[in-house]
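Student: After the structure tokens below, expect a handful of questions from me.
The values are calculated or read from the model by the stated rules, or taken from the named source; none is laboratory data. Here the structure is a predicted model, which is why all the values come from computation and not from measurement. Reconstructed Cβ throughout: ideal geometry from the backbone, glycine too, with neighbour counts over all protein chains shown. Remember, those area values only see protein heavy atoms, side chains included, never the ligands or the DNA or RNA. Shrake-Rupley method; radii C 1.70, N 1.55, O 1.52, S 1.80 Å.
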Amino acid sequence: MEFDFAQLPAQDRYRLLVSFVAPRPIALVTTIDDKGCYNAAPMSFFNVFSQEPPLVILGMQMRPNGGVKDTVANIRRSGEFVVHMVDMAIANQMIVTGVNFPSDVDEIAFAGLTSVPSVKVAPPRIKEAPCAMECRVAHTIEYERRTIVLGEVVQMHVRDECMDERGRYVRPETYQPIARLHADNYIVADRQFVLKKPEDLMHYEVTAGYAEPPPAKSGS
């Protein structure tokens, strides 16, 4: 099948893109408005963007009526937000925060989650989340009906049991985030496997300074 995006309605383009660019990690984003009310909203147009500087990226669309979503308005005003990863323990609560509540509703409390103070930003983090990243806006792009936000991670909180004793590597048996597929379909990372580059090709590898370069094979 072939699809000419210049001819497709927007909803058909959306359906195709999110069905095949999947699974997509879920960012449960908390912000705070000018009256001090907490806001939480899930987003699957999200990913890590860079490690130096440490950046995450969010893509947020306007409401169907053309209004600005609370998360966007709060980020524009304060320049701060917190991104939480989602696991099965808080999956149902994450869905609740996605309801289009009035602006004065604290979605964190409504969903039965717990707000705790962040270290470097004003918006709270969610205690029950396996991972939380405090972020400050690095750059914002307004593109037609969408706001794209690059956020610099300034503080990260990780639940102890998700990491090994040295705090270097994730425990895959414990940290099992969920991700969105399409429509109301999700997937959980509970069947992880290892894929490594072939050893006989490692002498071609060009390193970027994050690990010791592999030794050249004799006779190469």
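Student: Taking the criterion of being over 24 Å from Pro64 (Cα atoms), over 18 Å from the mean Cα position of the chain (by Cα) and hydroxyl-bearing (Ser, Thr, Tyr), would at least one residue in region 103-117 satisfy it?
Tutor: Yes - at least one qualifying residue is present in region 103-117.
Student: Does Val18 satisfy the criteria of being within 19 Å of the chain's Cα centre (by Cα), in contact (Cβ under 8 Å) with a residue 60 or more places away in the chain and open to solvent by less than 70 Å² (accessible area, probe 1.4 Å)? Steps first, answer last, please.
Tutor: Working: within 19 Å of the chain's Cα centre (by Cα): yes; in contact (Cβ under 8 Å) with a residue 60 or more places away in the chain: yes; open to solvent by less than 70 Å² (accessible area, probe 1.4 Å): yes.
Considered against the rule, which asks whether it is within 19 Å of the chain's Cα centre (by Cα), in contact (Cβ under 8 Å) with a residue 60 or more places away in the chain and open to solvent by less than 70 Å² (accessible area, probe 1.4 Å), Val18 comes out as yes.
Student: Okay, moving on. Looking only at region 52-90, how many residues end up being surrounded by fewer than 17 Cβ atoms within 10 Å (Cβ to Cβ), of a type in the set (Gly, Ala, Ser) and assigned to a helix (DSSP H, G or I)?
Tutor: Total satisfying the criteria: 1.
Student: Take the residues of region 193-215 that are exposed (fewer than 10 other Cβ atoms within 10 Å of the Cβ) and modelled with pLDDT of 85 or more: which is farthest from Phe46 (Cα to Cα)?
Tutor: Asp200
Student: Further, regarding this structure: Counting only residues that are surrounded by fewer than 21 Cβ atoms within 10 Å (Cβ to Cβ) and free of Cβ contacts under 8 Å to residues at least 60 places away in the same chain, which one in region 29-41 is nearest to Ser115 (Cα to Cα)?
Tutor: Looking at residues that are surrounded by fewer than 21 Cβ atoms within 10 Å (Cβ to Cβ) and free of Cβ contacts under 8 Å to residues at least 60 places away in the same chain, I get Gly36.
Student: Among (1) without any contact (Cβ under 8 Å) to a residue 24 or more places away in the chain; (2) under 14 Å from the mean Cα position of the chain (by Cα), there is one condition Met60 misses while meeting the rest; what is its number?
Tutor: Unmet for Met60, out of (1) without any contact (Cβ under 8 Å) to a residue 24 or more places away in the chain; (2) under 14 Å from the mean Cα position of the chain (by Cα): (1).
Student: Being touching a Phe, Trp or Tyr at 6+ places or on another chain (Cβ under 9 Å), at pLDDT below 95, open to solvent by less than 50 Å² (accessible area, probe 1.4 Å) and in a loop (DSSP other than H, G, I, E, B), is that true of even one residue in region 98-110?
Tutor: Within region 98-110, one or more residues are touching a Phe, Trp or Tyr at 6+ places or on another chain (Cβ under 9 Å), at pLDDT below 95, open to solvent by less than 50 Å² (accessible area, probe 1.4 Å) and in a loop (DSSP other than H, G, I, E, B).
Student: Select from region 111-147 the residues that are among the charged types (D, E, K, R) and under 19 Å from Met60 (Cβ atoms) and write down the one among them that is surrounded by the most Cβ atoms within 10 Å (Cβ to Cβ).
Tutor: Glu134
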